[in-house]
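Reviewing the structure listed below.
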Amino acid sequence: MPLHTCAGCGALLPYEGLCRKCREEKQRREILAWTPEEVAHRQRALLEELPALERMDDQAERDFWALLSCWDGITPDIQRAALAQGVRSPVELFYHAPEDVRDGLIDALLQTESPGEANCLMCCVAMQGDDKALETLLELERNPRPWQESLYVPPSVYAQCGGWTFDSAGVRRMLHFETCYPLVQGEPGVDSPVRVAQPREERCPHCGSRLVDLLVVDGREPRLHFLGVDGIIKATCCPVCTMYSEPVFSRFTLEGESTMLPFEPDWVDEMVKEEMEEDYPKFTANGLALGEKRVPLFYGGNEKNIDLLGGFADWVQDWNYTPCPDCGKPMKFLAQIQWGALLGGGEGTIYVELCPECRITSMQYQQS
Ligand SMILES: [Zn+2]
Ligand SMILES: [Zn+2]
Ligand SMILES: [Zn+2]
């Protein structure tokens, strides 16, 4: 039985101190308070730590993710040193790396005969992500090497790791937005162009729970012009069935209408359903709102349990872009919401994706 409350948010805890989310927030605030000198110092330190990073040493990983997620602070020097020392992971090291680093990665990829090494190098090349990276992966897609037989997915799916892909003609499709905002706890009712889990009257045809507008985004707000949607994006779902189903889809109009598309739930947990019935008012009164300032694209990286709009998803499992039910193309990552946290201390993340052309959103739940 929980005997304590979190000193940050008041959630019930089985121990004294801060809950995981509050503890991480405190660490993040400390990292964001670094001075430019401190950032430079950490960058120099990371250069020394690269071999440890490859070995997945805890401290080196913390230092890397602090620099990348809070400061966008992985410099070309670090990328060059990583290439020279044969350090290939985390593959995010190579996001938008300079051309000489890209060429080094591509050379290594084209020379290797090892499926394991190729697997990692394709992710690195995808993270670098420029036109030559695309050409290289396209060429491998058209003329597979022997090692590709051992891999589960083709190079165009490896490209998705870097937030993009290409079709058979080599046309690029971006799967992420190059702007990222955090969703932060505001006061319920305060005006925000982004809202989470807003109440609806209709009930789910499968389990009878009240539906929610999981995400409501007003693309007309200047901070959100990067979405390229001149109207309202609304993603509607059953908050219970979404946890037990493959992605649930909804279709929206720019005027703010939205309809959940038919689906077959795998099953429904009666207990979760009853809890939701009880928690619905609190759940839909959450104060999550759009943060004022942009943050780096990997702000949510490495299990930071952050709610965010745009940028890169922090997939609980491997990256997993949903095919649009209308056009069949992979959808674009729009937002991630710590579902468990909204429901009072549970686990799990909901990823919201968008097909801007078809005006469809998808919502998928993942749990570690
Ligand atoms: Zn807390
Ligand atoms: Zn339902
Ligand atoms: Zn589509």
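Every read-out reported here was derived from the displayed coordinates using simple, explicitly stated rules and does not represent laboratory data. All values derive from a computational prediction rather than experimental measurement. Note that each Cβ is placed from the backbone with ideal geometry, even for glycine, and that neighbours are counted across all protein chains shown.
Taking 0.36 nm per residue of separation and subtracting the Cα-Cα distance, full extension of the segment from GLU347 to GLU255 would add 29.8 nm.
For the range 127-178, which chymotrypsin sites (Phe, Trp or Tyr not before Pro) are both in a DSSP coil and crowded by at most 15 other Cβ atoms within 10 Å?
Working: sites: TRP147, TYR152, TYR158, TRP164, PHE166, PHE177; in loops: TYR152.
Those that pass, being in a loop and sparsely packed, are TYR152.
Taking the empirical scaling 2.2 N^0.38 Å for compact globular proteins as reference, the range 38-84 has a Cα radius of gyration ratio of 1.00.
Between helix 99-111 and the chain there is an angle of about 80 degrees, using the helix long axis and the longest principal axis of the Cα atoms.
From the P(r) of the chain, could you give the percentage of C-alpha pairs in the tail past 39 Å? Each step should come with its number before you reach the end.
On the way: 12969 of 67528 pairs.
Value for the chain (Cα pairs over 39 Å): 19 percent.
Would you mind checking the tilt of helix 131-142 against the longest principal axis of the Cα atoms of the chain, expressed as 0 to 90 degrees and rounded to 10? With both axes taken from Cα atoms, the answer is about 90 degrees. The calculated FRET efficiency for the pair ARG44 and ASP100, based on their C-beta separation and a Förster distance of 25 Å, comes to about 0.75.
Would you mind ranking LYS332, LYS21, LYS234, LYS293 by Cβ crowding within 10 Å, fewest neighbours first?
Fewest-to-most Cβ neighbours within 10 Å comes out as LYS293, LYS21, LYS332, LYS234.
Close amide H partners of LYS332, meaning residues 5 or more places away or on another chain with modelled amide H under 5 Å apart, are LEU354, CYS355.
If one computes the Cα centroid of the range 85-100 and of the range 1-72, what distance in Å separates the two points? After rounding, the separation between the Cα centres reads 22 Å. Measuring between alpha carbons in the structure, the pairs from LYS234/LYS332; LYS26/LYS293; LYS21/LYS282; LYS282/LYS332 lying more than 21 angstrom apart are LYS282/LYS332.
Put a dot 7 Å past the Cα of ARG23, heading toward its Cβ, do the same for ARG203, and the two dots end up 4.1 nm apart. Rounded to the nearest whole Hz, the Karplus-based 3J(HN,Hα) values (6.51 cos²θ - 1.76 cosθ + 1.60, θ = phi - 60°) of the range 251-262 follow the sequence 10, 10, 10, 5, 7, x, 8, 7, 9, 5, 7, x, with x at glycine and proline. Here the range 74-174 is treated as a Stokes sphere of Kirkwood radius computed over C-alpha pairs; at 20 °C and 1.002 mPa s its diffusion coefficient rounds to 162 µm²/s.
Restricting to DSSP loop positions (anything but H, G, I, E, B) with no more than 12 other Cβ atoms inside 10 Å of their own Cβ, which GluC sites (Glu not before Pro) remain in the range 83-121?
Values: sites: GLU92, GLU99, GLU113, GLU117; in loops: GLU113.
Sites meeting the loop and neighbour criteria: GLU113.
The reciprocal of the average 1/r between distinct C-alpha atoms defines the Kirkwood hydrodynamic radius, which for the range 177-366 equals 16.4 Å. Exposure proxy shown here: for MET56, MET331, the number of other Cβ atoms within 10 Å sets the order, fewest to most, as MET56, MET331. Amide H to amide H, with H built 1.01 Å from N, HIS4 comes under 5 Å of LEU13, TYR15, counting only residues 5 or more places away or on other chains. For the range 105-253, the Kirkwood hydrodynamic radius from C-alpha pairs, put into Stokes-Einstein at 10 °C and a viscosity of 1.306 mPa s, yields a diffusion coefficient of 85 µm² per second. Between the helical axis of 36-54 and the longest alpha-carbon principal axis of the chain there is an angle of about 70 degrees.
Size of the dipole of the range 74-174 about the Cα centre, Lys and Arg at +1 and Asp and Glu at -1 on the beta carbon, nothing else charged, in debye to 20?
Working: 8 positive and 15 negative charges, 41 e Å.
With Lys and Arg at +1 and Asp and Glu at -1, about 200 debye.
Annotation: amide H of PHE166 within the under-5 Å range of ARG173, sequence separation 5 or more or interchain, hydrogens built in the peptide plane.
Computed over the alpha-carbon pairs of the range 1-100, the distance histogram in 10 Å steps reads 15, 38, 24, 16, 7, 1 percent, short to long.
For LEU308, what is the net charge nearby, where nearby means another residue's Cβ is under 12 Å from its Cβ and Lys, Arg count +1, Asp, Glu -1? Mind dumping the intermediate values first?
Working: positive: ARG294, LYS304; negative: ASP307, ASP314.
Value of the local net charge: 0.
All other residues whose Cβ lies under 15 angstrom from that of GLU246 are scored, Lys and Arg at +1 and Asp and Glu at -1, for a net of -3.
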